[in-house]
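The structure appears below as structure tokens.
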Amino acid sequence: MSRDTGTGRRHAPRGDVLTLLIHLGYLAYDQERETARIPNEEIRREFQKSIREVDRTETIARVAASVQLVENTVHGDEAAVAEEIERVHAEWPSLYYNTEQALRSTIKLAYFCYADHYLRICEWASLYNQPMGSLHNGNIRK
């Protein structure tokens, strides 16, 4: 993974994504030309369908709700934040109920767009009882 220093987001290098698609059989690699291509018509149609025919209305609405949730949180609108968290919890039931894991899952789903502007720091137990990703002297320690 590499980090885009302008946004702070992590992403896989393009070559890694293409290599994965080749290994999974979604793309074929021509060594002579050093190019990747869609190997057959069935897979080509599925790629086209995923790009052209998929209705993204619900996804767009979820992104807008997440963006609004971040704004409401930043501006201290507790009622709006509570309402959205309850909506997400009801819409995406967790395998766990009334546990820290259920709350964590709900929060991650609700605030998924925060990564565009904020750095994620999660507390996970480590061998040294230090939170992973904690700030240390202004740097992120992993």
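Just so you know, all these numbers are worked out from the coordinates, no wet-lab data involved. Predicted model, so just to flag it, every value in this text is computed and none were measured. Every residue, glycine among them, receives a Cβ derived from its backbone with ideal geometry; neighbour counts consider all protein chains shown.
Worth pointing out:
- Remark on Leu27: its backbone amide H falls under 5 Å from those of Ile22, a criterion applied only to residues 5 or more positions apart or on other chains, H modelled at 1.01 Å from N.
- Per-peptide packing, taken as the mean over residues of other Cβ atoms within 10 Å, places 19-25, 45-51 in the sequence 19-25, 45-51 from highest down.
- Computed FRET value (nearest 0.05) for Ala64 with Lys108, which takes r as the C-beta separation and R₀ as 25 Å: 0.90
- Residue-by-residue Karplus 3J(HN,Hα) for region 40-53, coefficients 6.51, -1.76, 1.60, Hz, glycine and proline x: 8, 5, 4, 5, 4, 5, 5, 4, 4, 4, 5, 8, 9, 9
- Fewest-first ranking of Asp77, Asp55, Asp16, using other Cβ atoms within 10 Å as the exposure measure: Asp55, Asp16, Asp77
- Cβ crowding within 10 Å averaged over residues, with 57-69, 31-43 ranked highest first: 57-69, 31-43
- Between Glu91 and Tyr118, the modelled labels are 1.8 nm apart [label points 7 Å from Cα along Cα→Cβ].
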